[in-house]
Amino acid sequence: MPLALLALAVSAFGIGTTEFVMMGLLPNVADDLGTSVPTAGHLVSAYAIGVVLGAPLLTGLGSRVPRKRMLLLLMALFTVGNLASALAPDFGWLIAGRFLAGLPHGAFFGVGAVVAARLVSEGRQARAVATMFLGLTVANIVGVPAATLLGQHLGWRATFLVVAVIGLAAMAALARLVPALPVEAHQDVRRELRALGNRQVLLGLLTAVFGFAGVFAVYSYLSAMTTEAMGFGESSVTLVLALFGIGMTLGALAAGPLTDRALRPTLYGSLGALAVVLVVFPFTVHVQWAALVMVVLLGGVGFMTTTPLQMLVMNKAKDAPTLASASNHSAFNLANAGGAWLGGVSIAAGWGWTSPALVGAVLAVIGLAVAATAGYLDRGPSPKSRVVAGGSGTPARAPAAPSPSGTLSNPSGTLSNPSGALSGPSGDRGR
């Protein structure tokens with residue numbers, strides 16, 4: 001694999017760390033800035049809203065910018081956002097810093113996936129993209145717990161300063177290792193927008209919004225639950241976050257081959273399992289060993305939903321893979337924002353620290369209902385043309401010239417597929 005993929009992985013590590021570290025720092029930020037934990041939860045939403053707006057907007061604005069330069073500009077914006085967060089004088093400025101840091105998130109993964117696919121030969125494109133997303137996986141296992149521990153001992157501002165330094169290191173690696181790539185021909189935006197109007201695409205995005213919101217209703221307040229409900233000390237927060245990251249990685253890895261075999265059953269099963277885990281979670285949280293097991297299960301079943309959702313949207317929007325990928329980033333991060341907000345509402349209402357789990361269960365059931373409705377409406381014959389990512393599915397042939405969207409038969413990004421499990425189903429089997 002080219003060394004340029006290492007630069008992309010380092011960038012993904014920094015992005016993943018700043019996205020998820022706020023969950024572990026909410027109590028510290030709330031204490032330091034004189035606000036409540038539910039109110040501090042808006043910082044999670046602010047970042048997610050930045051991704052929701054920035055993914056399609058920056059992807060569109062940068063369509064004619066050379067890929068390497070675009071990656072550097074996006075990582076520079078990411079670095080500035082984290083530096084602004086570290087230097088924020090009050091809660092309002094911290095909200096703005098988090099929003100700014102989130103803006104380049106989805107666009108970076110979209111452009112980065114295109115670059116990764118172009119760096120390797122035919123038949124190795126999915127593995128190249130998976131290598132980039134390995135940085136996101138490592139961030140959740142190592143980066144987030146380490147950054148949380150740093151914030152607890154040196155203050156939350158130190159965490160964002162370190163992430164800003166990672167951003168600078170990523171920019172240096174991108175400048176040094178990523179080759180200059182020509183701009184692809186510009187695809188007709190109206191054609192992409194028409195493809196996004198496909199009913200199945202819209203239902204897939206809606207499934208992501210509701211289903212994944214169930215995960216973030218709990219994960220956003222997992223650090224507070226660790227100390228307030230599970231009975232662990234503050235030093236154990238990093239362990240709990242690492243366990244969630246391990247579960248997330250196992251779930252995402254399992255989702256790849258399962259999605260290859262049967263896309264919709266994998267989606268139904270993961271959403272149903274997510275609802276069950278969220279219902280059981282409040283009843284086990286006071287037994288420490290059981291609570292830790294449930295944290296791993298929550299990460300596993302929660303992130304098992306990401307691959308089938310990603311591939312479903314990409315398959316149904318085969319004429320607009322670039323914009324569809326950006327929209328999928330937006331859908332998942334809208335789920336992040338909504339889940340964090342609704343979880344905070346339940347805590348603020350006095351329903352208890354474990355109440356976000358029941359809120360999340362309701363959201364997961366709604367997501368399952370939307371997915372089932374989409375499956376019922378899609379019972380006709382399978383479309384002949386599919387967007388696949390290579391790998392274990394039917395290999396995509398490399399075009400003789402860059403495709404209009406610049407995707408090279410590869411999805412342009414999977415924000416919420418932390419493992420980079422990008423093997424696309426060769427058909428919508430078992431739907």
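Screening residue 63 with (1) under 20 Å from residue 225 (Cα atoms); (2) outside any helix (DSSP H, G or I) gives one miss only, at (1).
Within the range 218-231, the residues that satisfy the criterion of being in a helix (DSSP H, G or I) and either in contact with an Asp or Glu (Cβ under 8 Å, 6 or more places away or on another chain) or more than 10 Å from residue 347 (Cβ to Cβ) (or both) are 218, 219, 222, 223, 226, 227.
If you filter the range 353-370 down to residues that are over 10 Å from residue 275 (Cβ atoms) and either free of Cβ contacts under 8 Å to residues at least 60 places away in the same chain or touching a helix residue (DSSP H, G or I) at 6+ places or on another chain (Cβ under 6 Å) (or both), you find that the one that is most open to solvent (accessible area, probe 1.4 Å) is 353. Annotation note: Cβ proximity below 7 Å between a residue of the range 138-150 that is of a type outside the set (S, T, N, Q) and a residue that is at pLDDT below 85 and open to solvent by 60 Å² or more (accessible area, probe 1.4 Å) (sequence gap 6+ or interchain) occurs for no pair. Taken over the range 1-25, the criterion of being open to solvent by less than 10 Å² (accessible area, probe 1.4 Å), within 17 Å of the chain's Cα centre (by Cα) and aliphatic (A, V, I, L, M) is satisfied by 8, 12, 15, 21, 22, 23. Residues in the range 232-241 that are surrounded by fewer than 20 Cβ atoms within 10 Å (Cβ to Cβ) and in a helix (DSSP H, G or I): 234, 235, 236, 239. Residue check: residue 107 meets all listed conditions (1) over 20 Å from the mean Cα position of the chain (by Cα); (2) surrounded by 24 or more Cβ atoms within 10 Å (Cβ to Cβ); (3) under 26 Å from residue 131 (Cα atoms) but one, namely (1). Would you confirm whether any residue within the range 42-49 is assigned to a loop (DSSP other than H, G, I, E, B), open to solvent by 10 Å² or more (accessible area, probe 1.4 Å), within 22 Å of residue 327 (Cα to Cα) and at pLDDT below 90? No, every residue in the range 42-49 fails to be assigned to a loop (DSSP other than H, G, I, E, B), open to solvent by 10 Å² or more (accessible area, probe 1.4 Å), within 22 Å of residue 327 (Cα to Cα) and at pLDDT below 90. For the range 1-39, the set of residues classified as without any contact (Cβ under 8 Å) to a residue 40 or more places away in the chain and aliphatic (A, V, I, L, M) consists of 30 only. Among the residues of the range 253-273, are any closer than 25 Å to residue 30 by Cβ and more than 19 Å from the chain's Cα centre (by Cα)? So far as the range 253-273 goes, no, none of its residues is closer than 25 Å to residue 30 by Cβ and more than 19 Å from the chain's Cα centre (by Cα).
Once the range 280-329 is narrowed to residues that are surrounded by fewer than 24 Cβ atoms within 10 Å (Cβ to Cβ) and at pLDDT below 80, the residue that is farthest from residue 230 (Cα to Cα) is 319.
The values are calculated or read from the model by the stated rules, or taken from the named source; none is laboratory data. Being a predicted model, the structure only gives us computed values, none of them experimental. Cβ sites come from the backbone with ideal geometry, for glycine too, and all protein chains shown count toward neighbours. Accessible surface is based on the protein model in full, side chains and every heavy atom, while ligands, DNA and RNA are left aside. Shrake-Rupley method; radii C 1.70, N 1.55, O 1.52, S 1.80 Å.
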